[in-house]
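The values are calculated or read from the model by the stated rules, or taken from the named source; none is laboratory data. Here the structure is a predicted model, which means the values were calculated and not measured. Here the Cβ is made from the backbone with ideal geometry for all residues, glycine too, and neighbour counts use every protein chain on show. Keep in mind that these areas ignore ligands, DNA and RNA; they rest on the heavy atoms of the full protein, side chains included. Shrake-Rupley method; radii C 1.70, N 1.55, O 1.52, S 1.80 Å.
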Amino acid sequence: MKPHDGLYIDGAWRPAAGGDLIQVVNPADEQVIGQVPAAGAEDVDTAVRAARAALPAWAATPPAERAARLTALRDVLVARQEEIAETVTAELGAPTKLSQVVHAALPIAVAGSYAELAATHPFEEKVGNSTVHLEPIGVVGAITPWNYPLHQIVAKAAPALAAGCTIVVKPAEDTPLTAQLFAEAVHEAGVPAGVFNLVTGLGPVAGQALAEHPDVDLVSFTGSTAVGRRIGAVAGGALKKVALELGGKSANVILPSADLAKAVNVGVANVMSNSGQTCSAWTRMLVHADQYDEAVELARAAAAKYGDRIGPVVNAGQRDRVRGYIEKGLAEGARLVAGGPDAPRERGYYVSPTVFADVTPEMTIAQEEIFGPVLTVLKYVDEEDALRIANGTVYGLAGAVWAGDEAEAVAFARRMDTGQVDINGGRFNPRAPFGGYKQSGVGRELGVHGLTEYLQTKSLQF
Ligand code: NAD
């Protein structure tokens, strides 16, 4: 797609107040592929005013009409699926197939689910002598990361629109073109001016101005725990509602009765997908001592098969950060069985698919989110030990359990401190609540639980 040189505010592309620009780079070959405006506080203010002005009419729009706009939006995303996939590949570096099957397809499913929910959700309920109205929270400030550039925006914009909220989105600086494409789709779908607004810009400038803006009612943030903590503090200080989807360090627990080869192969694929840049990736594989050596060999072979098929990470900073973690793993005594810190190619921000064995729970690589294609394999001696290790980080976003018997896996999963668990390779469900325990976040996205984040109650007594 051709980059816009403006910001999408109040239904039109408008020039930014200042002249600062963000260069967009293709991480596969380090070439600049476009530039977009870097909005300042003044632009953010203009966008928030537009969202505020559009709020009364959109909030009063019957849910069936909001559903119709979301259905139209879903249809535009379907029609432009190929262009979306190409754009994500160009600015994120994701392999073409992944861009088509996940990056372009998942947002269609999510937009479709909210079109349906807007039409069917009871925005009114009876509680004894009260009628409870579920009303939109108001103006939403959404700040999103680059790892799933379109999904992260749709997971906020679709429920916000379904609820009757208006929204200003500040997308990640690495992936603004996908965001611009989405704004075009919203426009094409006939969403009224001011209901959806897009300000591209830097996190500490435009992102911060949005989080701090006094006329934003809810700040919905997805990104790192460090930035999330600051945004939570700013929002808390202003007594604003806040939703935070943050980092993860999820455990893939393979119980002795499981199909070991399947559990290891799916586990490696889960970590290497999107070059390890998935917040819910199962980056800690937990294997019983008796099966440990066999599992490590299976993981090594599975990682080796990825070789060149893995995409780059998003930028030079991330590449250096991931390599730094690999070096830290070596320094702390973990055993490298695949990959390593060396650059696998001359050009592009590539990192080799990496597997560490002999990882102990307190090592940095077992505790901190690496956000790259790096798997750690840990050993447990019994189930209690496995549970202690699985729950032994500050995070709690996702996880997996494998066992010969489903009930055995479920019993273990129920004891995990985490928001999502896949049982024996269960499929991702775009309607199930997604979000974290502990420092992985506050609130939930997707499905009806995600919609609820954008609603507030008003009780009328009779
Ligand atoms: P990041 O926190 O650096 O940036 C996320 C967004 O916040 C970007 O739009 C950025 O511009 C903005 N930002 C940065 N500083 C800001 C500030 N001071 N004020 C306001 N906004 C600011 O994260 P990232 O590197 O883009 O993304 C990777 C992180 O996101 C990982 O930690 C990952 O786990 C997390 N993540 C979480 C989920 C989830 O659903 N829980 C999903 C995807 C990614």
Which shape class, rounded, prolate or oblate, goes with region 1-99 when its Cα gyration tensor gives a ≥ b ≥ c as root eigenvalues, a/c under 1.5 marks rounded, and past that a/b bigger than b/c marks prolate? oblate
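Let me know the charge dipole size of the chain about its Cα centre in debye, to the nearest 20, where only the beta-carbon of Lys, Arg (+1) and Asp, Glu (-1) is charged.
Working: 38 positive and 52 negative charges, 111 e Å.
The dipole magnitude comes to about 540 debye.
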Relative to the Cα centre, what is the charge dipole magnitude of region 251-429, using +1 at the beta carbon of each Lys and Arg, -1 at the beta carbon of each Asp and Glu, and rounding to the nearest 20 debye? 780 debye
Residue farthest toward the positive end of the dipole of the chain, with Cβ of Lys/Arg at +1 and Asp/Glu at -1: which of 421, 410, 107? 107
Sorted by packing (mean other beta-carbon atoms within 10 Å per residue), highest first, where do 239-251, 19-31 land? 239-251, 19-31
Which value, in Å² and to the nearest 10, is the accessible area of residue 449 when all protein chains are kept and the probe is 1.4 Å? 90 Å²
What list of ³J(HN,Hα) values in whole Hz, one per residue of region 276-283 in order, does the Karplus curve 6.51 cos²θ - 1.76 cosθ + 1.60 (θ = phi - 60°) give from phi, with Gly and Pro shown as x? x, 9, 10, 4, 9, 4, 8, 7
Rg(Cα)/(2.2 N^0.38 Å) for region 251-429, N = residue count: 0.96
Over region 304-353, relative contact order from alpha-carbon pairs under 8 Å, at least 6 apart, %: 48 percent
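Calculate what fraction, in whole %, of the accessible area of the chain sits on carbon and sulfur atoms when a 1.4 Å probe is rolled over the protein chains. Present the calculation step by step, with values, prior to reporting the outcome.
Details: 9360 of 17760 Å².
C and S atoms contribute 53 percent here.
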To the nearest 10 degrees, how steeply does helix 225-237 sit against the main Cα axis of the chain, on a 0 to 90 scale? 30 degrees
Defining a contact as two alpha carbons under 8 Å apart and six or more residues distant in sequence, what relative contact order in percent does region 128-224 show? 38 percent
Taking +1 at the Cβ of each Lys and Arg and -1 at the Cβ of each Asp and Glu, which of 202, 224, 161 sits farthest along the dipole of region 129-274 towards its positive end, judged by Cα position relative to the Cα centre? 224
Where in region 23-41 does the label zone of residue 347 land, with the point 7 angstrom along Cα→C-beta and an amide N cut-off under 19 Å? 24-35
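Please go through region 329-376 and write out the trypsin sites (Lys or Arg not before Pro) that DSSP classes as loop and that have at most 13 other C-beta atoms within 10 Å.
Working: sites: 335, 345, 347; in loops: 345, 347.
Sparse-neighbourhood loop trypsin sites (Lys or Arg not before Pro): 345, 347.
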Taking only protein heavy atoms and a 1.4 Å probe, the highest-to-lowest accessible-area order of 423, 370 is 423, 370
Taking the convex hull of the Cα atoms, report for region 292-373 its projected area averaged over all directions, in nm². 5.1 nm²
Please calculate how many Å² of accessible area the chain carries per residue, with a 1.4 Å probe and no DNA, RNA or ligand atoms counted. 38 Å²
Tell me what the chain gives for mean residue ellipticity at 222 nm when only DSSP H runs of n ≥ 4 count, each as -39,500 (n - 2.57), the sum divided by the residue total, rounded to 500 deg cm²/dmol. -12000 deg cm²/dmol
Positive-end residue, the chain charge dipole about Cα centroid, Cβ charges, pick of 58, 22, 289: 58
Using only the alpha-carbon atoms, how far is helix 81-92 inclined from the longest principal axis of the chain? Give it as 0 to 90 degrees, nearest 10. 60 degrees
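For the peptides 128-135, 147-154, what is the packing order when you average, over each peptide's residues, the other Cβ atoms within 10 Å and list the highest mean first?
On the way: 128-135: 13.5, 147-154: 26.8.
So the peptides 128-135, 147-154, ranked by packing, come out 147-154, 128-135.
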Using a 7 Å offset from the Cα along the Cα-to-Cβ direction at both residue 321 and residue 101, what is the distance between the two label points in nm, to one decimal? 2.7 nm
Using Cα-Cα distances under 8 Å and only pairs 6 or more residues apart, what relative contact order does region 251-429 have, in percent? 28 percent
Global form of region 110-224, assessed from the alpha-carbon gyration tensor, a/c cut-off 1.5: prolate
Rounded to whole angstrom, the alpha-carbon centroid of region 31-88 lies from that of region 133-182 at a distance of 8 Å
Using Cα atoms only, what is the angle between the long axis of helix 63-79 and the major principal axis of the chain, expressed in degrees (0 to 90) to the nearest 10? 50 degrees
